[in-house]
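Q: I have a structure I would like to understand better, so I am pasting it below and will then ask my questions one at a time.
The values are calculated or read from the model by the stated rules, or taken from the named source; none is laboratory data. The shown structure was predicted, so the numbers you read here are calculated from the model rather than taken from an experiment. Cβ coordinates were reconstructed from backbone atoms using ideal geometry, including for glycine residues, and neighbour counts include every protein chain displayed.
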Amino acid sequence: MRHGSGDRGVGSGPERRASLRDAALRAESLERFGIIDFHVHLGTWALSYLPVRAGDMLEAARHVGIRRLCINGIFGPCIREANDEVAAFAARHADLVVPFAVLNPYQGSMTEELVRCIREHRCRGLKVHDFHQGMHSPSIREAFPEWDEVWEMCARAGLPVLFHGVVTDEDVRRHRDTVFVMAHGIGNPERVRRLADRPNLYADTSWSQASPRSLLDLVRLVGPDRIVWGSDAPLADFAQRLAIVLDSGLDELTQLKIVAGNARRILRLEGRD
Amino acid sequence: MDSRCGTLRFLDANCGVGPFFDPHPGLDWSVEGLLARMDEAGIAESCVHASSGVLGDLVSANRHVAAIARKSDRLHPVWHIGSHHVGEFPAPAAAAEPLAEAGVRMLRLCGGRQSRYADLELPLLEDLLGFMNDRRMILYLDWTRAAAAPAAAALQSLLRGWPSVPVIIGVAKTEQHDRLFYALWERFGHFYVELSGYQGLGVIEEVTRRFGGDRLVFGTRYPQFCHLQTVLQVRYSHVDERTRELVAGGTLRRLLDEVTL
C-alpha cells in the first residue's frame, strides 16, 4: 500500500484561482475533474428530515458532476440487509456508486459478512460508525477482538476503513497496512494531530462547520496527500461542501488531490475513470 | 455564466466585518478586503454586522459598523441587539434617530452559549420588538453558535406577537430543525431561514416547492465560512431562475425596502 508523502501544499499566488473553482462558479458540470465523494449514505436517519431519496441524490451528484460516490448503509438497522441494499444500488448505478460495507459485532460474524461484501458485492471500502449501529466507543472496540481480524482483512483486500468512532488510536498504530480514514477528521484536529505521524491515517473533509480555514489546518497537520473529500450527503449539499476546497487558496493540483486523486489511490481506482 | 447562473444579484444576510478573535491567517477584515472577496464570489451586496459585537463590546461594534457601511453602498449595516436597561443599546423610544442616521434596517440577536442572550427571551425584548414592528424592521436571529434552535414556543410567540417583524434565523447546521421550520412556515409568512447552516441536500428545492421561493434567504456566515459555500449551493440548486433570484437576494432586498425608519 502506498501512503501519502507528507508533502505540504498550502499555496497562494496567481495559481490559486484555478479552473476548478471557476467552473464551479459558473455552475458547470465538474465531471472532467474526476471528483470522488468518499462519504455518502444511503437512506434516511432520525435527526434530520431528508427531502431527497437515493435517486434524487444521484441526480444531484450528476448535476454537479461528481464522478464517484462511496456509499455506505449505516442507516440500516440490519447490517446484512443494508449491505445488500447498497450493493443492489451500486449494481444499478455502477458508473457512479462505489459500495462500502458496514459491520456490526452484535449481528453475527463480522469477518464472514466482510468476506461476503467483498466477494459478492464487490465492496471497495468499509464504514464503521458507533452511533448509528448502537455501538459505543471505546467499549465496543474492546469487547470484540474480532475487529483486529477485520482491520487485517481490510489491509489484505485493499479496503480503506472510513471510521466514525470504533477505531482506536492503538488500532491505527498497530495495523500499519490498513488505511484508516477518519470521518469528519477536519473537525477533529486534536485527534488527527495525535495520529499525524502515522502514514496510514487519513482524514475526510465532511463536517457541517468546515471552512477553508479548517481545511488548511488539516493540510498543515497531515499534508495534502492524506485528505479525502467527503460531503456526508444526503445530510449535506455536494456543492456547498466542495466550496471549502475550491475557496481554500490551495493550488489546483493540491485541490485535485483532495477531491479526487487521494481517494482514487486508496480505492485503487487508477485507470478506471 | 451559463444558463444555470443567469445574472444573480446575491445579497448576503449574514456577513461579518472588522476584527474578531480567531481570524484566518492572512484574512483582510477591512471593508476593502470584504468587498474584494465579495467580488470574487459574485456577491453584489451584504448586510454586515461588526464581528467584534458577537463576543466583544456592543456599543463600539455598532458604532464601527455604521461607519464602515458608509464607505460602500453595497454594505447594509446591521446592529447587534443589546439591553437598553443596562445602557448598551438605545431605548426603543429614542432608537429611531440613531438607527435612521446609521441606515440600520436589520437588527441581530445572538443567542446561545456565550452569547448576550442565552435563549430567545421575549420578555426582555418586548419594547424593542414593538418598535421594530411599527417600522417593519428585520430581526436576524443568530443561532449559528448555539447547539439547537430557540424553543418552538418562543419562536411561535415571537411570530404571533409581532407579525410585521420579518424574522430570519440562522442556525449552526441543518439537523433537527426541519420539523420546527416546516411547522412555522406553514403558519407564518414572515418567517425565513438563512442558508449558511441549512446545508442539507435538496433543501432549496424542497422548501421552495412546498412553501414558495420567498422563505429562504441567502447568507454566508463570512468570515467563519467562505462566501463560496452558499453561493455554490444556490448556483447548483435545481430551481427555476425566478426562484433562484428570490433566494439569492430578491426576498431580502424586498424586506429591506419595506423597512420604514
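Q: Quickly run through segment B:187-220 and pick out the residues that are touching a residue at least 24 places away in the same chain (Cβ under 8 Å) and farther than 20 Å from B:Ser237 by Cα.
A: Within segment B:187-220, B:Arg187, B:Phe188, B:His190, B:Phe191 meet the criteria.
Q: Moving on to the next point. If B:Glu32 meets every condition in (1) part of a helix (DSSP H, G or I); (2) crowded, with 22+ Cβ neighbours inside 10 Å; (3) among the acidic types (Asp, Glu) apart from one, which number is that one?
A: If we test B:Glu32 against (1) part of a helix (DSSP H, G or I); (2) crowded, with 22+ Cβ neighbours inside 10 Å; (3) among the acidic types (Asp, Glu), just (2) comes out false.
Q: Right, next: Hand me the list of helices (runs of 4 or more DSSP H) wholly inside segment A:169-273 holding 1 or more residues that are in contact (Cβ under 8 Å) with a residue 60 or more places away in the chain, more than 14 Å from every other protein chain (Cβ to nearest Cβ) and over 23 Å from B:Pro223 (Cα atoms).
A: Result: A:212-222, A:252-256, A:262-266.
Q: Is it true that B:Leu246 is more than 13 Å from chain A (Cβ to nearest Cβ) and either aliphatic (A, V, I, L, M) or outside any helix (DSSP H, G or I) (or both)?
A: Considered against the rule, which asks whether it is more than 13 Å from chain A (Cβ to nearest Cβ) and either aliphatic (A, V, I, L, M) or outside any helix (DSSP H, G or I) (or both), B:Leu246 comes out as yes.
Q: Let me ask something else about it. Of all helices (runs of 4 or more DSSP H) completely enclosed by segment B:72-167, which ones contain at least 2 residues that are at pLDDT 95 or above, over 21 Å from B:Asp12 (Cβ atoms) and among the aromatic types (Phe, Trp, Tyr)?
A: Once the helices (runs of 4 or more DSSP H) in segment B:72-167 are filtered for at least 2 residues that are at pLDDT 95 or above, over 21 Å from B:Asp12 (Cβ atoms) and among the aromatic types (Phe, Trp, Tyr), nothing remains.
Q: Test B:Val193 against the stated conditions and say whether it is away from chain A (no Cβ under 14 Å), outside any helix (DSSP H, G or I) and under 18 Å from the mean Cα position of the chain (by Cα).
A: Spelling it out, it is not the case that B:Val193 is away from chain A (no Cβ under 14 Å), outside any helix (DSSP H, G or I) and under 18 Å from the mean Cα position of the chain (by Cα).
Q: If you scan segment A:18-49, which residues turn out to be away from every other protein chain (no Cβ under 11 Å), farther than 18 Å from A:Leu69 by Cβ and crowded, with 23+ Cβ neighbours inside 10 Å?
A: The answer is none; no residue qualifies.
Q: Let me ask you something else. Can you confirm whether B:Leu228 is surrounded by 24 or more Cβ atoms within 10 Å (Cβ to Cβ), without any contact (Cβ under 8 Å) to a residue 24 or more places away in the chain, more than 20 Å from B:His76 (Cβ to Cβ) and facing another protein chain (nearest Cβ under 9 Å)?
A: So B:Leu228 does not fit the description; no.
Q: Sticking with this one: Could you grab me the full set of residues in segment B:168-190 that are within 14 Å of another protein chain (Cβ to nearest Cβ), among the small types (Gly, Ala, Ser) and outside any helix (DSSP H, G or I)?
A: Of everything in segment B:168-190, those that are within 14 Å of another protein chain (Cβ to nearest Cβ), among the small types (Gly, Ala, Ser) and outside any helix (DSSP H, G or I) turn out to be B:Gly170, B:Ala172.
Q: Look at segment B:8-32 and say how many of its residues are among the small types (Gly, Ala, Ser) and modelled with pLDDT under 95.
A: Residues that pass the stated criteria total 3.
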